[in-house]
Structures are given as structure tokens and as C-alpha cells.
Protein chains: 4
Amino acid sequence: MTGTSLRDPAKKYFGPDVSDRERAIFEGAITLGAIYHQFIGTPIRDRKMLERTIEQAALAQPFVERASVRISIPKRKRKPPYDYPVLSAEMLTVSLVARYGEARVELGMKYVEELDYPLMFIRR
Amino acid sequence: MTGTSLRDPAKKYFGPDVSDRERAIFEGAITLGAIYHQFIGTPIRDRKMLERTIEQAALAQPFVERASVRISIPKRKRKPPYDYPVLSAEMLTVSLVARYGEARVELGMKYVEELDYPLMFIRR
Amino acid sequence: MTGTSLRDPAKKYFGPDVSDRERAIFEGAITLGAIYHQFIGTPIRDRKMLERTIEQAALAQPFVERASVRISIPKRKRKPPYDYPVLSAEMLTVSLVARYGEARVELGMKYVEELDYPLMFIRR
Amino acid sequence: MTGTSLRDPAKKYFGPDVSDRERAIFEGAITLGAIYHQFIGTPIRDRKMLERTIEQAALAQPFVERASVRISIPKRKRKPPYDYPVLSAEMLTVSLVARYGEARVELGMKYVEELDYPLMFIRR
């Protein structure tokens, strides 16, 4: 019996067969999709502050317990004054821990060269 | 043994204990987060076309098999020419089917008055 | 003396020295910034419908009179099922006409190879 | 004769009759549209950091010289854990200075109760 479940007024809107682990995966995955589609396109001037801001946005989501975001900016060759970087999915490495009841899952996102794709995944 | 699993070059990036059902939940939930954070703020002039466009964006995501989006716009009282609506989470009702291997899950999003919150949920 | 000016309840919030042409530039430029930051990151499945949807979003903005959007998708080499394109600024060619009072301006956005930059500009 | 004009490799893409003041308005207005459509929908956990992050995104844009962002969050009545605020246009007060050549303009955005609208404007 978990405190989290008891304090969740939305539980009744979920199917009765949804386990705590499935719910944790659900909440973490929403957050990954949110990060991608909220912040892609942001002009970057203070990389570290943008990383922290994305982490805070993730942590605002219910049931996200830990969030770590790293942005890696490739070298640019644009002419000034047009040489500032803009956040793309390829720059993002995200690691989250989502918790629901007794279940805790690690999820993440990173660019995978082999797929040429910013992959989102469940680590365990 | 499913065709989908065999054709997924990203499978190895997931923990070995992730079930097909968990993966389907994961993919559907990413799509719900994506829809919210991609389209909120869009000025609305052709409501039905925007609904179809959001559905197509959802269906572009791997493993999303069906998508249905409805936008309901409350009456406004703004003065012209500032009286056009802008998509908010409260206006959105989304229903998705995500499939991975043999598993198929129904997920959705709708505004829940009781919570005053645009809730995302797993139906079954 | 123009009908538009008379019907604009926001005019008093602008500096008294703002000309109709400056206001038309202002409104058109907001719309260019809006298109970029609203739609970048959208997964593309029906390119033509997404073009029309972006045009409608532009036309919802006060004082935007005409809008034309073209998306050109470069060839991809990703593995299925991860081979769908996602809207980037480089894919977008936008042409707008903004009008305020007697003034009418043409503005646009396109990727400029020389600058390696999705440039926004005032045509005339 | 200004250094800025000389250093702008994009100048030739603009109509020959575009004044420095019009260009400054153009650049500032793009930034207002960008802020709105980039950040609306962001979950807020650290309000002050989000304000600074939006300012930095504005300052990354060419020709934006100063940026000040304030977010005011109305009281909520949602049930925990769904009680976090999400950035809406109504919460935003933005003030920018854009400069091009000799021209400097002040632009802004704020919610105007009379219009029930998050108005963007040129102050002078």
C-alpha cells in the first residue's frame, strides 16, 4: 500500500489493470515528449541555465523525481551576427527518474548515431 | 514472436525487462506529451484542419496506430480583431492507440473538471 | 484616414509616432517569429496539410492578409520505423502580406545557404 | 554610417527602402513572437530562472540589445500533485530594446485587461 497512490486523485481515470510501474513509465515518457517539443527551437545563449530550466520543467511534472539535462552544441560556421545556436533534438541528453507508488523507472533520451535519431528509451 | 520487435533497431537500447505493453505505453505517452507541448499556443482559424494535423503528427510517431483529436473552443468575448482563439490544453481531447509487438494500449488526454487539469491517462 | 486604424482598440498602446507601415512590419514580423517557434519540431506525415495549417495559423493573426508556406523535405537515410521527418527551420519557405491602414508590406522567411541561416526579411 | 549595417551580411536580402528603424522593429517583433510561441506551455517550478532563460533566448537574437521578462502566476486551486502552473501568455510581461544601425526601439508585451488579450506593442 503506497502513499502516492492514495494521494492521486486521478487514479480512477486510469484502467484498473495499470500497474505502478506502467504508470511511472507513462509519466516519465510524457515528460520526455514534453521536453522535446517544448524546448526544441530555443535560441541558446546561456547553455547551463537552459539545461537547469529544462530540468525544472521536468521536475514540475507529477511523479518525476529526478531530472538531468545536458546540451552539447556542435561547432558552428555561421557568419556573425547569425552565429548563435538553436536547440535541436540532436543536442539533448536527458535522464529522468519517474516514480509512482513503489515503482521507480529510469528513462532517457539521447542522439543515437547508428539510428541518426534522438532516441527516447527506458533504461530499467 | 512479433514482427514489430524484430524490425525495431532501437530495442537494444531498452532495458531487457521492458515488456511489449510497457513499450507501447511508453510510445503512446511520449506522443501525448509531444502533442501538448508542440501545439499549445497555435492560433486557430480552421479548427477541423488543426485537429487533422495534430492527428497526422501523432501518427508519424513510431508505434502510434490510431489517433483522434477533438478541439472544443469556448465562447470568447474579445474585441475584434483580437478575437481569434489560441489552442490551450483545456480545449484538447485526444485518444490514441499505441502498439508494440502483440501489445496494444489505449491512451488519452482530456480536461477533467474535478481536477481542473488536462489529464493524460491510460484507458486500458 | 483608414478604417483599420479606427477599428483597432489597441492603437492607443502604441507610441504616437508609429506609422502604419511600421505597424504592418511589426505585425508581420511577430507572425514570422510565431510560425518558427510554434511549428519547428512537428513530426511530418502529411506535408501539404501542415503547410495549410501553418498558413491558417498565420492568417488568424490580426493584420496578416495573405500567407503562403512551403515545406521542402530533404532525403533521409534513417532506418524504419524512425524515418519520418520533423519540421526544421531549414525546410520552411514563408511569404506573408501584412496590412495596417493604408500600408501593406511583404515579408518572408527562407533558408539562405550563404548564411547557413533561416533568414527572415522584409521584401518591400 | 553605422558599424551594424556594415557588419550585416543579410542586408541585401531586405528591400532597399527598409529604414534602420523599420529593421529594428522587425527584429524586435520577431523576438516577441518567438518568446510567446516558444515558451507558452512550459511547466513552471523556478519562476525566476525561467524569466532569465527567456531573457537569454531573446538576447541571443541578432539586434536585441536588452530584454526584461516578468512572469506573474495567479493563485491556483488545483489538487496536488497537479497544482503546478504552466506558462500562459497572460502571465508574461516582456520589455525589449532592439537596435539596428542608429535606430533603437522599445517593444513589449503584456496582458491588457480591456482587450482580454496578451498585447504586443511598440512603445517608441
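Values quoted throughout were computed directly from the atomic coordinates according to the rules given, and no laboratory measurement underlies them. Since this is a predicted model, take the numbers as computed values, not measurements. Cβ atoms come from the backbone with ideal geometry, glycine included; neighbour counts cover every protein chain shown.
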Being out of contact with any strand residue (DSSP E or B) (no Cβ under 8 Å at 6 or more places or on another chain) and charged (D, E, K, R) narrows it down to one of B:Arg124, B:Arg76, B:Arg104, so name that one. B:Arg76
Cβ-Cβ below 6 Å, separation at least six or inter-chain, first residue in segment A:47-75 and more than 9 Å from chain D (Cβ to nearest Cβ), second among the charged types (D, E, K, R): which pairs? A:Glu65/A:Arg99; A:Ala67/A:Glu55; A:Val69/A:Glu51; A:Val69/A:Glu55; A:Ile71/A:Arg47; A:Ile71/A:Glu51
Mind checking whether some residue in segment B:20-33 is in contact with a Gly (Cβ under 9 Å, 6 or more places away or on another chain), surrounded by fewer than 18 Cβ atoms within 10 Å (Cβ to Cβ) and either at negative phi or more than 9 Å from chain A (Cβ to nearest Cβ) (or both)? yes
Every residue in segment B:12-21 that is free of Cβ contacts under 8 Å to residues at least 12 places away in the same chain and assigned to a helix (DSSP H, G or I), please. B:Lys12, B:Tyr13
Wholly within segment B:68-124, strands (runs of 3 or more DSSP E) carrying at least 2 residues that are small (Gly, Ala, Ser): B:92-100, B:103-112
